[in-house]
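Structure first, commentary second.
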Amino acid sequence: LHEGFYLGDNDLVQLYADTAPERIRELVEWGMQVRGVEGERGISVFGSDILDALTRQVKALGVEVREDTQFVDLVVDGGAVRGAVALEILTGELLHISARAVVLATGGAHGLFDLNTGSTDLMGEGPGAALRAGAPLVDMEMISFCPTVMCKPEMYKGNLLPYIFASLGYARLLNKTGSPFTYKYMSREVEVLALNTEWNKMLLSYAIQSEVNAGLGTLHGGVYCDLVRQPADVLDELYHTLPGLKTGIYKDIMRLFEGDRALVVAPAAHYFEGGIEIDVQMKTRLPGLFAAGECSGGLFGANRVTAATTEMLVEGAVAGASAAAYAKDVDAAAAPGSLLDGLEAELRAPFGRTDGLAPRVLIRRMKAATS
């Protein structure tokens, strides 16, 4: 609550704290690979480790999975959600999925920003659909930026590796003259906070952006991120701590450092605290609609305090149970064809236009406005 600036919903915070251990234990029992331990209470896993364990359970339960299918909008009739409309990407066909209850778990809206740490499909479509359907959103102005995300070289744009270096104490931030600068914006006490609390992203992002705004950013924007390499033994320590740096794209990035080059880093959109308003049952104010994970809002207040993957697991489990209980008591009333025809006509309308701005132009302008 404290590190979220007391804007987090108390009940959602309590739910997270009370049930997170059980969700993690469950995944371990399902065979999730654990890579290591972080502090006294944390474990280190890859996102793919979580996904592997969940996918095995989904297959074992016989749940139907549709791939290459993009959620587009909710179907609402009689003041309640009756399903969803999706796009089959490979065929271009619109698909109506009738449902007694819908759980939205569409993630954040990273694509609003040119520099971000998310995958390309994170465009905020879940909260957008919920808002259009009549479900309120909360805390939408609260967005966490990761301070040291690669923007040059271009091929590694959005990579978080420099943030990991900085968090472990191996990296240093320099302005265009090669000089340290964080001391201008943070006292020693605040720098300790930036290294040891969940305020680190916010504080370092402020310092970096302030230096850029002062005209001391690099030719490519942002600031330089270099490794501490004196004595040379420090590099050996880093490779020992992160042996994966000797493989794949990380090996290529390390060659830049070993060739006395630095990376250019800048704050990037990282996590969206705001989203669809939910209660502890993951219910929205729209009957039949539930939400979980980053597309929902209220848990973290003004600052993401802890793991979003754990948030996904905690809220996802509750949302599934709540949606199933709701669906048992609701008649399976399909939405009328006229409603579906109207939705389809609205969705196809942009493809028939011969004037106006192209979508790509609009997207570029939108990203320019958020840069």
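What is the percent carbon and sulfur in the accessible area of region 1-150, measuring with a 1.4 Å probe over the protein chains and ignoring ligands? Write out the running numbers ahead of the final one.
Values: 4500 of 8510 Å².
Here it works out to 53 percent.
Please work out how much length the chain gains when fully extended from residue 132 to residue 339, using 0.36 nm per residue of separation minus the C-alpha to C-alpha distance, in nm with one decimal.
Numbers: separation 207, 0.36 × 207 = 74.52 nm, distance 1.48 nm.
Result for the pair: 73.0 nm of gain on full extension.
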For region 269-276, Karplus-derived ³J(HN,Hα) couplings (6.51, -1.76, 1.60; θ = phi - 60°; whole Hz; x for glycine and proline) come out as 4, 10, 8, 9, 5, x, x, 6
Low-density loop GluC sites (Glu not before Pro), region 1-108, at most 11 other Cβ within 10 Å, DSSP non-H/G/I/E/B, are 40, 64, 67
For residue 270 the rounded accessible area (nearest 10 Å², probe 1.4 Å, non-protein molecules ignored) is 30 Å²
Zone reached by a paramagnetic label modelled 7 Å from residue 37 Cα along Cα→Cβ, restricted to region 294-338 with backbone N below 20 Å, covers 307
Heavy-atom accessible area per residue of region 108-238, all protein chains kept, 1.4 Å probe, expressed in Å², is 49 Å²
Using eta = 1.306 mPa s and T = 10 °C, Stokes-Einstein with Kirkwood Rh from Cα pairs puts D for region 149-300, in µm² s⁻¹, at 91 µm²/s
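On a full-extension model of 0.36 nm per residue, what is the gain between residue 357 and residue 232, subtracting their alpha-carbon distance, rounded to one decimal in nm? Present the calculation step by step, with values, prior to reporting the outcome.
On the way: separation 125, 0.36 × 125 = 45.00 nm, distance 5.45 nm.
Residue separation times 0.36 nm, minus the Cα-Cα distance, leaves 39.6 nm.
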Among 301, 165, 317, the residue whose Cα sits farthest towards the positive end of the charge dipole of the chain (+1 at Cβ of Lys and Arg, -1 at Cβ of Asp and Glu, taken about the Cα centre) is 165
From the Cα centre of region 11-64 to that of region 139-188, the distance in Å is 29 Å
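State, to one decimal in nm², a quarter of the convex hull surface area for the C-alpha atoms of the chain, i.e. the direction-averaged projected area.
On the way: hull surface 85.9 nm².
Mean orientational projected area (the chain, Cα hull): 21.5 nm².
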Ranked by GNM mean-square fluctuation in the chain (Cα springs under 10 Å), the top entry among 227, 238, 74 is 238
From DSSP H assignment alone, runs of 4+ in the chain each adding -39500 (n - 2.57), the sum over residues rounded to the nearest 500 puts [θ] at 222 nm at -11500 deg cm²/dmol
In order over region 170-183: 3J(HN,Hα) from phi, Karplus 6.51/-1.76/1.60, θ = phi - 60°, whole Hz, x for each Gly or Pro, gives 8, 10, 9, 9, 10, 7, 5, 8, x, 9, x, 9, 4, 4
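Are there trypsin sites (Lys or Arg not before Pro) in region 276-371 that DSSP marks as loop and that have at most 12 other Cβ atoms within 10 Å, and which are they?
Numbers: sites: 283, 285, 304, 328, 348, 353, 360, 364, 365, 367; in loops: 285, 304, 353.
When the trypsin sites (Lys or Arg not before Pro) of region 276-371 are filtered for loop state and at most 12 Cβ neighbours within 10 Å, 353 remain.
Residue 365 to residue 11: extension gain in nm, 0.36 nm per residue of separation minus the Cα-Cα distance? Could the numbers behind the result be given before it?
Working: separation 354, 0.36 × 354 = 127.44 nm, distance 3.90 nm.
The residue 365-residue 11 span can extend by a further 123.5 nm.
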Per residue, the convex hull enclosing the alpha carbons of region 141-222 has a volume in Å³ of 107 Å³
Between residue 25 and residue 61, Cβ-based FRET efficiency (R0 25 Å, step 0.05) works out to 0.85
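Accessible area of region 243-371 with a 1.4 Å probe: how many percent of it is carbon plus sulfur? Let's see the in-between values first.
On the way: 3720 of 6750 Å².
After summing per-atom areas, the C and S share lands at 55 percent.
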Distance in Å, no decimals, from the C-alpha centre of region 104-129 to the one of region 280-350 is 15 Å
Taking the dipole of region 202-300 about the Cα centre (Lys, Arg +1; Asp, Glu -1; charges at Cβ), the one of 235, 254, 284 that reaches farthest to the positive side is 284
Expressed in nanometres to one decimal, the distance between label points 7 Å along Cα→Cβ at residue 251 and residue 184 is 3.9 nm
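The values are calculated or read from the model by the stated rules, or taken from the named source; none is laboratory data. It should be emphasised that the depicted structure is a prediction, and the values quoted were computed from it without experimental measurement. Neighbour counts are summed over all protein chains in view; Cβ atoms, including those assigned to glycine, are modelled from backbone coordinates with ideal geometry. These accessible areas exclude ligands, DNA and RNA; they are computed on the full protein's heavy atoms, side chains included. Shrake-Rupley method; radii C 1.70, N 1.55, O 1.52, S 1.80 Å.
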